[in-house]
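Novice: Here it is, the structure, as structure tokens.
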Amino acid sequence: MEKITLGVSACLLGENVRYDGGHSHDRFLTDTLGQYIEYVPVCPEVECGLPVPREAMHLEGSPDSPRLMTIETRRDITDRLRKWAGRRVIELEKNDLCGFIFKSKSPSSGMERVKVYDENGVPARKGTGLFARIFMEHFPLLPVEDEGRLSDPALRDNFVERIFVFKRWRDLLTGKRSLGGLIDFHTAHKLLILAHSTGHYKTTGRLLAEAKAIPVRELYAQYQIILMEALRLKSTPKKNANVLMHMMGYFKKQLSSGEKIELLEVIDNHRKGYLPLIVPVTLINHYVKKYDQPYLKGQIYLNPHPLELQLRNHV
Ligand code: SF4
């Protein structure tokens, strides 16, 4: 598979761009995920013309519209960084990004819960880094995460799943948009959507039922919004168990009673949190091959990202 293009805060790749001349190298991003990713590094502070090393900065004022200030000399960097960010996001459109990984806590790059200091110097973790805010406003549907949150196995699985879906979506958009192409895409992603949200699953079904009355561009735009909204919602053992039970229905006639009992036990143990998702999914994949089940064979839910990443071994 062609590599997926992701934006990333440059210091996470090991580039010495931090204010103190160091980096924040994240080995998972470079050594593990990096095998599948082409990174586009972005360091807002250096790219807007500040030196390395430089004076430390923080956010001040209202969390919705804070100022970026140097701490000792009290220089206001806000306008300079905002102006640069407005141009940079337009440049990034050409990179066809499938997501962005931000450096947590940074007043320029932090995605959420960045400290903003009030007039008394008291911090509240309610801010967003200046560049991160402008990026997310410009690309509202792109999957984004910060490296701190990616240490949570469920969030990591969710983010990687979303970037792989986004890549397939981008690939679909490179061809001629047709109703048939969208239906094929949706058919393959149906159970993945269901694992995140029954509501969105039904909404996509309704949208496609009315598809003939909607101009194709508009149809694709509406579908993309529902799809990315759905996948942002966390999948849980209970939701996964429902999908797995649904899949089991496709083998009703073929499974022996022993196989049924074993599969039910494994699904139930996942629901209760005793077994990771990889266990029931591996068993279902085995039956898909054994009984050559054509519909399930095409379900992205069974193989949403490379097995080598072992993301489902911990959720
Ligand atoms: S957090 Fe952002 S601004 Fe700071 S060094 Fe890393 S990439 Fe540059």
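The values are calculated or read from the model by the stated rules, or taken from the named source; none is laboratory data. Every value quoted in this text rests on a predicted model; they were computed, and no experiment measured them. Positions of Cβ are backbone-derived with ideal geometry, glycine not excepted, and every protein chain shown enters the neighbour counts. All accessible areas refer to the heavy atoms of the entire protein, side chains included, with ligands and DNA or RNA removed. Shrake-Rupley method; radii C 1.70, N 1.55, O 1.52, S 1.80 Å.
Novice: Solvent-accessible area per residue for the chain at a 1.4 Å probe radius, Å²?
Specialist: 49 Å²
Novice: Right, something else. Reachable lysines from LYS176, Cα under 27 Å, same-chain residues fewer than 8 places away excluded?
Specialist: LYS3, LYS94, LYS167, LYS190, LYS202, LYS212, LYS297
Novice: Another question, if that's okay. Region 159-185 to region 269-283: how many Å between their Cα centroids?
Specialist: What the calculation gives is 28 Å, centre to centre.
Novice: Where both residues lie in the chain, what percent of DSSP beta bridges are antiparallel, nearest 5?
Specialist: Numbers: 9 of 22 bridges.
So the antiparallel bridges amount to about 40 percent of the total.
Novice: Going Cα to Cα from LYS115, which lysines come in below 29 Å? Please leave out same-chain ones fewer than 8 positions away.
Specialist: LYS115 reaches LYS83, LYS103, LYS105, LYS126, LYS234.
Novice: Right, something else. Once the Cβ-Cβ distance between SER62 and ARG87 is put in as r, and R0 is 22 Å, what FRET efficiency do you end up with, to the nearest 0.05?
Specialist: After rounding, the FRET efficiency stands at 0.30.
Novice: How high is the FRET efficiency between PHE28 and LYS253 when r is their beta carbon distance and R₀ equals 45 Å, given to the nearest 0.05?
Specialist: It comes out at approximately 0.55.
Novice: Only helices at least 30 Å long along their own axis, judged from Cα atoms, and with Kyte-Doolittle mean hydropathy of -0.5 or greater: name those in the chain from DSSP H.
Specialist: 153-174
Novice: Let me ask something additional. Run the dipole for the chain about the Cα centre, Lys and Arg Cβ at +1, Asp and Glu Cβ at -1, nothing else charged, and hand back the magnitude in debye, nearest 20. Numbers along the way, then the final one.
Specialist: Working: 46 positive and 38 negative charges, 201 e Å.
About 960 debye.
Novice: Rounded to the nearest 10 Å², what accessible area does SER178 have for a 1.4 Å probe in the complete protein model?
Specialist: Counting only protein heavy atoms, the figure is 50 Å².
Novice: Something else about it: Applying a 10 Å radius around every beta-carbon, put 142-153, 247-258 in order of their mean neighbour count, most first.
Specialist: Listed from highest to lowest mean packing, they are 142-153, 247-258.
Novice: With a cut-off of 17 Å, note down the residues of region 179-194 whose backbone N falls inside the zone around a label point 7 Å from the Cα of GLU229 toward its beta carbon.
Specialist: Output list for this probe position: 193-194.
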